[in-house]
Amino acid sequence: MAEKDHDGVRRTAVVTGAAGGVGSHLVRSLIDQDWQVTAIVRPGNDSSRLRGLQGAQISELDLGDSEAVDSWGRDYVDANRSLGLLVNTAAIA
């Protein structure tokens, strides 16, 4: 059964570091639980572990670039997307 928020909308999660081992496994687990997942990957990182996953939207974002993060966040809100869960598995070098 699909996870729904209080408005009856399918739950949405954002996972940073989604191209890595922990992040990609978490994305798969959430999708298996019928969550819609936005998988954040660093530009240029290998996101092959995420390709072809139904229920995942891959977004490239450099979390070390505060202007890019602000812009991404504004776009997310402007698209009226809900957020039920945010998991940060990304490391910033």
**Q.** Residues located in the range 64-78, provided they are surrounded by 14 or more Cβ atoms within 10 Å (Cβ to Cβ) and small (Gly, Ala, Ser)
**A.** Ala68
Q: Go through (1) at pLDDT 95 or above; (2) exposed (fewer than 15 other Cβ atoms within 10 Å of the Cβ) one by one and return the number of the condition Leu61 breaks.
A: (2)
Q. If you check Ser71, Ser24, which single one turns out to be without any contact (Cβ under 8 Å) to a residue 24 or more places away in the chain, in a helix (DSSP H, G or I) and of a type in the set (Ser, Thr, Tyr)?
A. Ser71
Q. Mind checking whether some residue in the range 9-18 is open to solvent by 50 Å² or more (accessible area, probe 1.4 Å) and among the small types (Gly, Ala, Ser)?
A. no
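Starting from residues that are closer than 19 Å to Ser29 by Cβ and small (Gly, Ala, Ser), keep the ones in the range 40-58 and report whichever is surrounded by the fewest Cβ atoms within 10 Å (Cβ to Cβ).
Residues of the range 40-58 closer than 19 Å to Ser29 by Cβ: 40-41, 47-58.
Right, trim to small (Gly, Ala, Ser) and you get 47-48, 52, 55-56.
On the way: Ser47: 17, Ser48: 9, Gly52: 7, Gly55: 17, Ala56: 22.
If we take residues in the range 40-58 being closer than 19 Å to Ser29 by Cβ and small (Gly, Ala, Ser), then Gly52 is surrounded by the fewest Cβ atoms within 10 Å (Cβ to Cβ).
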Q) Does Arg81 fit the bill of being modelled with pLDDT under 95, part of a loop (DSSP other than H, G, I, E, B), surrounded by 14 or more Cβ atoms within 10 Å (Cβ to Cβ) and among the basic types (Lys, Arg)? A) yes
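The values are calculated or read from the model by the stated rules, or taken from the named source; none is laboratory data. Computed from a prediction, not measured in an experiment: that's the story for all the values here. With ideal geometry, Cβ positions are generated from the backbone for all residues, glycine too; neighbour counts draw on all protein chains shown. Protein only, heavy atoms only, side chains kept; ligands, DNA and RNA dropped before computing areas. Shrake-Rupley method; radii C 1.70, N 1.55, O 1.52, S 1.80 Å.
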